[in-house]
Every structure is written in C-alpha cells, then in structure tokens.
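Beneath this line is the structure, given in structure tokens, with notes to follow.
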Amino acid sequence: MAIDFETPKPILQMQAVLKTVAVEMMRSKSRYFDEHEREIPWEYIEFMHAAMRSVGGVHLAPKEDKANDDHGQPRHPPIGYQLLASQIEMLAWGDVGMYLTTPGGGLGAAAVQAAGSVEQRAKFLARFGGDKPTFAAMSMTEPGAGSDTSAIRTKAVLDKKNNEWVLNGEKIFVTAGDKSFTGYEKLGKGFIVVWASIDPSVGHAGMRAFVVESGTPGMQIVKLEHKMGIRVSDTAAVSLVDVRVPFDNILGSPTVEKSTTGFKGAMATFDATRPLVAASGIGVARAALEFLKDKLNENGISIRYGLPRQKLTNIEREVIDMEIMLKSAWLMVVKAVWMADNNKPNVLESSMCKVKAGDVTTKITQRVVEILGPLGYSREFLAEKWFRDAKITDIYEGTGQINRLVVARHILGYGGTELR
Ligand SMILES: Cc1cc2nc3c(=O)[nH]c(=O)nc-3n(C[C@H](O)[C@H](O)[C@H](O)COP(=O)(O)OP(=O)(O)OC[C@H]3O[C@@H](n4cnc5c(N)ncnc54)[C@H](O)[C@@H]3O)c2cc1C
C-alpha cells in the first residue's frame, strides 16, 4: 500500500472544528491557567467530554470505516491514529497543557489497550464513555528509575489466600495522576496503571502493569509538581502502601517467563503513544512559528517564498528553514501513525519521529523567542510560554537520548543489553 500525501477529508473536517476549540477555549485561557497552576480547566474538560460523546467516541478519534470493497479490502484505509495525531497537533497548537487535560483514557488506557486481554479492555475502558469525564494515567517512573526501567522497585506480591495483589512502592511524575485517582465529584471513577515487579530477580521479565482504581486504600497522591511548562496538566507523585487490587487487575501473565514478555506491554504502549507526543510538540512549534510570521508581517516583513536563497534576507531563510524542520518532523509522525494504522511494527519510526520532534520543537520555540527579542521574552505574549511548554516533548515517554538508543539498536540490530 502506498503512502498518500493528501490529507484525508475526515481529518481536514475535524481540524476545522478543533481549530475553533483551540482558539476559543484554549488560546484565550492559556495565560490564565499558566499563572494558576493548580486550577482545573473544568469548562474545557466538560466541553470536550460532551463533544466526544456526541460524535459517538470516548476517544478523540472516531471509529474506523470497516465496510469492505468488492475485493474484501476496507473501503477506506484505516486512519484512526493519523486522525488522532492530527487532532492532537491542532489541540496542542491551541494549548498543549490543556490538551493534556482532555478527558479520556490517556496513557492509562493505552497501557490497557496494549497489554490487557479482550475482557480487561472491555472492563476497564468502557467507563470513558460514561456521563462524567473520566481520566486514567500510567505510572512507571520512580525516584530511582526513569530511563532505566529495570531499576523499578515497586513490588507486587500475590496474596493467594485472598486472590489479591499487594503493591508497595513510590511513583513520581504521573501525568493526570490527580484527576485519575482523587475522585473529584465532577469526574467519573478513573484509574492509574502502576508498573511493578512480580519478581525483582529477573529484571524486565518480572515487570507487570496493574490497574489501581481511583480511591483504592493504601494509594495516595503525596505531591503535585510545580513545573516549568504544561502547568495546567497535573503531575502527581504517588505512594503505595499495601495497596490491594483484585487478581484480575494484572495486565499480562501472572507468572514469570524467562524473557521480557511482561515488559513488552510497556514498549507496545510507547510505540502507539510516542508519535502522539511528537505531534503535540509539533503543534506547539507551529503556534510559535505562525506567531513569529504574524509579528514579522505586522512590521512589513513577509517571506518571499519563490526567490533564490541568496536573494532572501537572513530572517526569511531562517523562517523557511524552520518550516522545513517542522514539516519533516510532521512527515515522520505521519509515517509512524500510518504504520500503526496498517498494523505494521513501528518501533523504529515511533522513536525516530519523537527524537526529531523533540529537537525541532525545542529549537524552533527557542529561536522564535530569540528573534522576537523583548516581545519573545515578555509575558504579554505566549511565545515565552510555548518555549517552556515545548521542552517536555524531549523528556517524557523516553528522553531524546533514550529514543536515539532505541533507533540505534534497531538500525544496528543490537539488543538492550548490548547497546545502552
Ligand atoms: C511533566 C512530566 C510528566 C511525566 N509524566 C509521566 C507519566 O505520566 N508516567 C511516567 O511513568 N513518567 C512520566 N514522566 C517521567 C519521564 O518519563 C521521565 O522523567 C523520563 O523517562 C526520564 O527519566 P528520569 O527523569 O529519571 O531521568 P534519567 O533517566 O535519570 O535521565 C537523566 C538524563 O540522563 C540521560 N540518560 C539516561 N540514561 C541514558 C543513557 N543510557 N544514555 C544516554 N543518556 C542517558 C537522559 O536522557 C536524561 O537526559 C513525566 C515527566 C515529566 C517531567
């Protein structure tokens, strides 16, 4: 199947709708929520929940058209992930922190989707279509375990008598952890997927994910981070002391195999979500670049696209180069999500597009602030905020360095122990 470079119609239509949301509900509130870090954007959350329900989906992306043609092929190529990436790019163009407060399963549901059984998906994911907006989160990072996930110390021990898992440990930097766990009246019952070891002696092979429902005794939000960017998105630290979850809340096999199959669920989650993180960064950088062009225009400088490079001014060349960087990052995202949509393994492409987007978004937002000078640095405009918001693209769901390692391993054919 060939890659079609034309943006599919459903995506164009959805982008038009979401642009209105981005302008009316996000941009207009960006500064307020940046300065009121602990406030929850209820209006946006409730609007998005109602909007998503009204189009029949509990996620941003609608169901795919499965009708087949005369040759038994789907009439339209599946575009679920491509649509999602485009939606996220547009919402992040509005405000990436607020986009992270969009209700739905988030990383938690992605983990259930990737590592859970059919029954578990049915049981845990149905809630997102309920009356109230509902959140889920995923916690892997610990004070002593970030990039090196084999250092995870949270433990899950089976209490055979009660048929329950007992979890103990500490998790940090859990995106949407508060909204997923605290039990706000306006929200439905969420959950946090907690990665823990059922056998620390076997490293990754013993790693499993557990669904911990909102309000489960023993689990506590102990801290909410104050952050440089994406400040409206809550980032929680969580403690787990003798947290009991039903036996069936384990995602994947309850026994240890001498392989890394347990951890494959986590990796599969990231294959699906890294291109989406890349898309969100690209939305931020596009916002900054468009703002720069608007400001240049206001000062009588427009980019003369048709001219040979040597006839352009330095600023024109810079803007064009940034547009090239942004477009190439976006095309890498499109390739990664196209592969996901067509059930092709995309580990390499997912990590590649995340590396590229992390680099490009931090460079562009920084350069925009520099070119604008005092206007870029001033809190009167959002350029400085986009500069702060962009950096996270290069940190969560695998830092730039870690994703470069993943890319190198895949290209060179090395395993995790040979190249680290
Ligand atoms: C706002 C925010 C939200 C987050 N949300 C979540 C979440 O929802 N769930 C979750 O589980 N985690 C989350 N995280 C955690 C995030 O995924 C980790 O911060 C990230 O994986 C890096 O881990 P670390 O902070 O421990 O850094 P470290 O692993 O200690 O790395 C520090 C530096 O060393 C580099 N480094 C590490 N190992 C290598 C290597 N082998 N080669 C080269 N360089 C290396 C890293 O790239 C980094 O630059 C979030 C973080 C932030 C800031």
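Read-outs: derived from the displayed coordinates by stated rules, not from any lab. This one's a predicted model, so the numbers in the text were calculated from it and none came from an experiment. Ideal geometry is used to build each Cβ from the backbone, glycine not excepted, and the neighbour counts take in all protein chains shown.
Label-to-label distance for LYS186 and VAL222 is 2.9 nm, based on points extended 7 Å past Cα in the beta-carbon direction. If you run the Gaussian network model on the chain, springs between alpha carbon atoms under 10 Å, then out of ARG27, ARG286, ARG304 the most flexible one is ARG304. With a Förster radius of 45 Å applied to the C-beta separation of ARG304 and THR7, the computed FRET efficiency comes to 0.95. Note on LEU158 and SER117: with the Förster distance fixed at 25 Å, the Cβ-Cβ geometry gives a FRET efficiency of about 0.90. Between the helical axis of 42-54 and the longest alpha-carbon principal axis of the chain there is an angle of about 80 degrees.
Calculate the length of the line joining the C-alpha centroid of segment 265-344 to that of segment 121-139, in whole Å. About 32 Å separates the Cα centre of segment 265-344 from the one of segment 121-139. The angle between the Cα long axis of helix 347-372 and the main principal axis of the chain comes to about 40°, on a 0 to 90 degree scale. A simple count of charges around ALA145, restricted to other residues whose Cβ falls under 13 Å of its Cβ and scoring Lys, Arg +1 and Asp, Glu -1, yields 0. The charge dipole of the chain, taken about its Cα centre with unit charges on the Cβ of Lys, Arg, Asp and Glu (plus for the first two, minus for the last two), comes to roughly 380 debye.
Pairs exceeding 24 Å between alpha-carbon atoms, taken from LYS356/LYS385; LYS155/LYS223; LYS356/LYS391: there are none. Normalised radius of gyration (Cα atoms, divided by 2.2 N^0.38 Å) for the chain: 1.00. For the chain, modelled as a GNM with alpha-carbon contacts under 10 angstrom, which of GLU225, GLU170, GLU380 fluctuates the most? Residue with maximal mean-square fluctuation among GLU225, GLU170, GLU380: GLU380.
Of the residues ASP271, ASP148, the one with the fewest other Cβ atoms within 10 Å heads the list, and the complete ranking is ASP148, ASP271. Summary value for segment 262-420: 30 percent relative contact order, contacts being C-alpha pairs under 8 angstrom separated by 6+ residues. Listed from fewest to most Cβ neighbours within 10 Å, the set HIS49, HIS36, HIS226 follows the order HIS226, HIS36, HIS49. Counting only lysines at least 8 places from LYS189 when in the same chain, those with an alpha carbon closer than 18 Å to its own are LYS123, LYS132, LYS179.
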